[in-house]
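Student: First the structure, then my questions, so here it is.
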Amino acid sequence: MIYSILMEINRNTIIKDLIESHPETLAVFRKYNLVIAGGVRGPNEPIAFFAKAHEVDYDTLVKELNEAIEKGGGEDIEIPMLEEDKSYEKFVKTAIILTLTVGVTFGAIMLSYIAIKLNFNSIYYALIQAHGHAQIYGWVGLCIMGFALYIVPRVKNTELKHRDLTNICYGFAVIGISVRTVVQPLPYSTLRFLLPISAICEIIAIFLFAFIILRTILASKEKVGIFDKFFKAGISWFLIATCMNLGMNFYLYKHALYEIPKSFFSPYVHLYLFGFVFMFVFAINIRTVYAFLDIKPVREKAVNLTFWIMNISIPIYFITHMLADKNIVALRLSQAMAFPIGFALFTFVYGLRIFERSTKELDDVVMDRSYAKTIRTAYIWLIVSAIILLVMPFLGHGTETQKRFHGSLNHAVTVGFITMMIIGYASKMIPTFKGINMHSIRLSNITFILLNTGCFLRVFSQILVGTSGKTIFYGTMGTSGWFELAALGIFGYNLWKTMNAVQESKPPVTKKLTEVTKDTKVFGVVDQYPDTLQIFLDFGFSQMADPVMRNTMGRVATIDMATKMHNVDIDKFLKALNEKIAAKK
Ligand code: HEM
């Protein structure tokens, strides 16, 4: 029999602790669809944050929770084991493996080779396209598919449809991406037939993904949100890009070629990034950023404007860029398309309020916010990308300078914005998905510094190579890939450890704590009386805000040690704690 403790609910009450102490509250959370997240014991999230993130009025929620507790379920109610939804895990893990092998590692080697040769054309373009495909489908595509399978049902308050098809979707995706990445640069004509087969595998995977997500969105009884159309547009562009990919592979096979013409491949990459990836990222940002960063909800007019400008501009951008080398009108139009797209990106930044002051609604809520800087920095890189995009029409079409700016734009978008966003969201969402904490906040911070250093060196050195051609900038550019590889390697390790961590179920309480003495372990006090946490914070034990510290140091440190370490008056502190506990009896 688990010992349950009457628990006073406050804004910092951790949901999984409350469920543990009062299993009868589960029904209330289910009503607000809050609990089908976060491992077998529920989410490791403060109630106030969850209420904001799920647009539930905090006071109403607490009132209903207290009513459920008063009605009680009785001490002998069993704590249900929630179903941990791991639909995202294999997608995210495979994305990490692919980017750390054929993605970033390969990219870093290519970049160093270009730097040594002082020549961007020294690399066999089929290798670059294989790297590009592995990154846009393998790293970004699989991450977005994994996250979407987890997040879309939750933001749409419904169950994921056709869950059984996700494995088939995953299988075809991984086969297709791996075969394409390996076979495209290989000089063996006997293997070329595998190219169209790889594209067929990818098209099956992405049609399955689209079917699952669209069916889930359409099955929802939730009111249609402004983000819905971004999801649907993203899926449409994903399907269009994958059909183009099929066409490109048949073209390579039929004409026994190794490289897809750059005039088609480069605008196709932008159609994939601006269409599929941006629409999905924007949809998830619109739905979650205001709670993650504690800012006001989005400016709907502005994000709607972005939606229409982007989705009207993308096909024009693609067609005019494809024809730009052959037709002056198409060239001028392709140059002009930079302006509506640039404007749409700035409008979205304004609409999302990403750099605006916090509403302070969650100021009193104790939680890890280390992901916030990563999400904001991603938008700084989006602004850098928009500025490069707006400069490019003024550079001579097809010149080396323009080509270097194009490469910098790609990198600012794919690494600065998209990869940074993936890391920011993964560091926030995956611990939430699992109901635990990120393996190491310190490693997250190291990843942040290394990735920004590498991206900064790459984007600006490549621009300086384009404008000055100076050797030194080839040097700094050539090192940048290794910073990024280290960053993604550390992130991959940190996230993998987090995904493999098991949420410990609370050890049954052996002895009920009736009085806190100087020899009592800090962990035991907060574990048995969670609302004493505020007293610890009031007496200046700020690190107690960090659940990892509570779980580690707290199990070792006694009240005596802690008060000595922080120069706190032990008598006053013990009195405050015991008064709180006595009030519970
Ligand atoms: C993080 C480390 C990375 C390194 C060191 C790297 C390196 C490179 C290099 C050297 C090139 C060829 C030169 C150029 O076009 O500028 C290239 C092209 C490309 N990269 Fe990466 N890359 C990295 C990350 C990414 C990511 C995260 C993505 C996508 C999500 C990506 C997608 C591409 C694409 C699509 C191209 C071909 C662009 C075109 O030809 O139009 N790369 N990369």
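The values are calculated or read from the model by the stated rules, or taken from the named source; none is laboratory data. Note that this is a predicted model, so its numbers are computed, not measured. Please note: Cβ atoms are built from the backbone with ideal geometry, for glycine as well, and neighbour counts cover all protein chains shown. Ligands, DNA and RNA are excluded from the accessible area calculation, which covers all protein heavy atoms including side chains. Shrake-Rupley method; radii C 1.70, N 1.55, O 1.52, S 1.80 Å.
Student: Of everything in region 378-423 that's of a type in the set (Gly, Ala, Ser) and open to solvent by 10 Å² or more (accessible area, probe 1.4 Å), which residue is farthest from the ligand (Cβ to nearest atom)?
Tutor: Gly396
Student: Against the definition (modelled with pLDDT under 95, open to solvent by 30 Å² or more (accessible area, probe 1.4 Å) and away from the ligand (no atom under 16 Å from the Cβ)), how does Asp363 come out, yes or no?
Tutor: The answer is yes for Asp363.
Student: A further question on this structure: Looking at this structure, is Leu142 within 29 Å of Ala53 (Cα to Cα), within 12 Å of the ligand (Cβ to nearest atom) and assigned by TED's automatic domain parsing to the domain that holds Gly234?
Tutor: For Leu142, the condition - within 29 Å of Ala53 (Cα to Cα), within 12 Å of the ligand (Cβ to nearest atom) and assigned by TED's automatic domain parsing to the domain that holds Gly234 - is met.
Student: Follow-up. Select from region 552-576 the residues that are surrounded by 14 or more Cβ atoms within 10 Å (Cβ to Cβ) and closer than 12 Å to Gly524 by Cα and list them in ascending order.
Tutor: Correct list: Met553, Gly554, Ala557, Thr558, Ile559.
Student: Now, a different point. Does any residue of region 425-443 turn out to be over 14 Å from the mean Cα position of the chain (by Cα), open to solvent by 20 Å² or more (accessible area, probe 1.4 Å) and either within 13 Å of the ligand (Cβ to nearest atom) or of a type in the set (Phe, Trp, Tyr) (or both)?
Tutor: Looking for residues that are over 14 Å from the mean Cα position of the chain (by Cα), open to solvent by 20 Å² or more (accessible area, probe 1.4 Å) and either within 13 Å of the ligand (Cβ to nearest atom) or of a type in the set (Phe, Trp, Tyr) (or both), one finds none in region 425-443, hence no.
Student: Restricting attention to region 116-137, which residues are within 9 Å of the ligand (Cβ to nearest atom), in a helix (DSSP H, G or I) and of a type in the set (A, V, I, L, M)?
Tutor: Selection gives Leu127, Ile128, Ala134, Ile136.
Student: Which count do you get for residues in region 142-166 that are assigned to a helix (DSSP H, G or I) and under 21 Å from the mean Cα position of the chain (by Cα)?
Tutor: 15
Student: Right, next: Please go through region 535-565 and give me each residue that is modelled with pLDDT of 80 or more and under 19 Å from Leu18 (Cβ atoms), ordered by number.
Tutor: Of everything in region 535-565, those that are modelled with pLDDT of 80 or more and under 19 Å from Leu18 (Cβ atoms) turn out to be Ile535, Phe536, Leu537.
Student: Against the definition (more than 27 Å from Leu257 (Cβ to Cβ) and within 28 Å of the chain's Cα centre (by Cα)), how does Arg180 come out, yes or no?
Tutor: So Arg180 fails the test.
Student: Look at Ile295 and say whether it is part of a loop (DSSP other than H, G, I, E, B), within 16 Å of the ligand (Cβ to nearest atom) and open to solvent by less than 10 Å² (accessible area, probe 1.4 Å).
Tutor: When the stated conditions are applied, Ile295 does not pass them.
Student: Another one. Cβ-Cβ distance below 9 Å, separation of 6 or more or different chains: which pairs start in region 403-431 with a residue that is in the same structural domain as Asn119 (by TED's automatic domain parsing) and end on one that is within 8 Å of the ligand (Cβ to nearest atom) and modelled with pLDDT under 95?
Tutor: Qualifying pairs under 9 Å: none.
Student: Here is a follow-up. Could you count how many residues in region 209-241 are more than 19 Å from Gly275 (Cβ to Cβ) and in a helix (DSSP H, G or I)?
Tutor: Residues meeting the conditions: 5.
Student: Name every residue in region 251-279 that is closer than 19 Å to Gln402 by Cβ and touching a Phe, Trp or Tyr at 6+ places or on another chain (Cβ under 6 Å), in order of residue number.
Tutor: Pro267, the sole residue that qualifies.
Student: Checking the condition open to solvent by less than 40 Å² (accessible area, probe 1.4 Å), under 30 Å from Gln534 (Cβ atoms) and part of a helix (DSSP H, G or I), which residue from Ala330, Ala372 passes?
Tutor: Unique residue meeting the criteria: Ala372.
Student: Residue by residue through region 359-391, note down the ones that are of a type in the set (Lys, Arg) and either free of Cβ contacts under 8 Å to residues at least 60 places away in the same chain or within 27 Å of Met337 (Cα to Cα) (or both).
Tutor: Result: Arg369, Arg376.
Student: Name every residue in region 453-493 that is touching a Gly at 6+ places or on another chain (Cβ under 6 Å) and among the hydroxyl-bearing types (Ser, Thr, Tyr), in order of residue number.
Tutor: Ser480, the sole residue that qualifies.
Student: Quick check: is even one residue across region 477-491 hydrophobic (A, V, I, L, M, F, W, C), modelled with pLDDT under 90 and under 34 Å from the mean Cα position of the chain (by Cα)?
Tutor: Within region 477-491 (the criterion being hydrophobic (A, V, I, L, M, F, W, C), modelled with pLDDT under 90 and under 34 Å from the mean Cα position of the chain (by Cα)), the answer is no, since none of the residues qualifies.
Student: Search region 111-133 for residues that are touching a residue at least 40 places away in the same chain (Cβ under 8 Å) and aliphatic (A, V, I, L, M) and pair each with any residue that is near the ligand (Cβ under 9 Å from one of its atoms) and not in a helix (DSSP H, G or I) when their beta-carbon atoms are under 7 Å apart and the residues are at least 6 apart or on different chains.
Tutor: Pairs that qualify, where the first residue is touching a residue at least 40 places away in the same chain (Cβ under 8 Å) and aliphatic (A, V, I, L, M) and the partner is near the ligand (Cβ under 9 Å from one of its atoms) and not in a helix (DSSP H, G or I), are Ile114/Ile123.
Residue by residue, here is whether (1) farther than 28 Å from Gly398 by Cβ; (2) touching a Pro at 6+ places or on another chain (Cβ under 9 Å); (3) assigned by TED's automatic domain parsing to the domain that holds Gln129; (4) open to solvent by less than 10 Å² (accessible area, probe 1.4 Å) holds:
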position: Tyr188; (1), (2), (3), (4): yes, no, yes, no
position: Ile204; (1), (2), (3), (4): yes, no, yes, no
position: Leu218; (1), (2), (3), (4): yes, no, yes, no
position: Ile235; (1), (2), (3), (4): yes, no, yes, yes
position: Ser263; (1), (2), (3), (4): no, no, yes, no
position: Tyr272; (1), (2), (3), (4): no, no, yes, yes
